[in-house]
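Step one of this worksheet: look at the structure below.
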Amino acid sequence: TQLLEQSPQFLSIQEGENLTVYCNSSSVFSSLQWYRQEPGEGPVLLVTVVTGGEVKKLKRLTFQFGDARKDSSLHITAAQPGDTGLYLCAGEDTGGGNKLTFGTGTQLKVEL
Amino acid sequence: KAGVTQTPRYLIKTRGQQVTLSCSPISGHRSVSWYQQTPGQGLQFLFEYFSETQRNKGNFPGRFSGRQFSNSRSEMNVSTLELGDSALYLCASSLGSASGNTIYFGEGSWLTVV
């Protein structure tokens, strides 16, 4: 069974602070995706990383895929209240078929 | 273009009953997958359909079933409902099933079993 562990589980910070969320597994994934989910809604895709060592930037968000394609990180600089939400990493099974294994989630709250 | 549409959004059922949830994927998408989200277990994969065929299945009991129609719309059914089936059921669609396809989620159907 593939498992994805995210840390930290909860994070409460002040506006303007930086933060990093980690997503770790002992399994190899063909790709890794990061989602943000707000209460009462479905997850919204932020980014997909495919190549080991890949780094992608989305405005203030930086995503990195580990060299061995087993882990990933999400770094947010100068966090804003609008970044508040549940952040989920999800690994795509190497067999394809859109089967995602989701991480345990990181609940982020950014306060003024 | 319209996103993934799920109906109903909210429903309450009694233990022992059965429920059917519906999902309309994004136009042109042929792969539909279903997930269950609970506070305790997080998001877990139920099954995936592509061209009316179930291609992947998660570790859920046989009470959970699904199907896909020729227009790619999908339904999932849960029979003999248990209290533990209370959850947000999410449908997701993508163009195909090749690795790296972008997967889009609907807003989900909130099921409460009493």
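The values are calculated or read from the model by the stated rules, or taken from the named source; none is laboratory data. Note that the structure is predicted; figures quoted are calculated from it, not measured. Because the Cβ atoms are built from the backbone with ideal geometry, glycine has one as well, and the counts that use them run over all protein chains shown. Ligands, DNA and RNA are stripped out before the accessible areas are found, and what is left, the full protein with its side chains, is counted by its heavy atoms. Shrake-Rupley method; radii C 1.70, N 1.55, O 1.52, S 1.80 Å.
Taking all protein chains into account, the per residue accessible area for chain B stands at 46 Å² (1.4 Å probe). Counting only DSSP beta bridges with both residues in the protein assembly as shown, the antiparallel share comes to about 90 percent.
If you run the Gaussian network model on chain B, springs between alpha carbon atoms under 10 Å, then out of B:Gln36, B:Gln17, B:Gln54 the most flexible one is B:Gln17. Here the dipole of region A:53-100 is about 160 debye; that uses its Cα centre as origin and unit charges on the Cβ of Lys and Arg (positive) and Asp and Glu (negative).
The listed residues B:Phe105, A:Phe10, once ranked by accessible area (1.4 Å probe) with the largest placed first, stand as A:Phe10, B:Phe105. Suppose all protein chains stay in the model; what accessible area per residue would a 1.4 Å probe give for region A:30-69, in Å²? The answer is 48 Å² per residue.
Pairing chain B with chain A buries about 1700 Å² of accessible area. This figure sums both sides and uses a 1.4 Å probe. Distances between placed amide hydrogens fall under 5 Å for A:Gly103 paired with A:Cys89, A:Ala90, A:Gly91, all partners being 5 or more residues away or on another chain. Computed over the protein assembly as shown, the percent of Cα pairs more than 21 Å apart is 55.
Here the extension length gained between A:Ser27 and A:Ser7 equals 5.5 nm, from 0.36 nm per residue of separation less the Cα-Cα distance.
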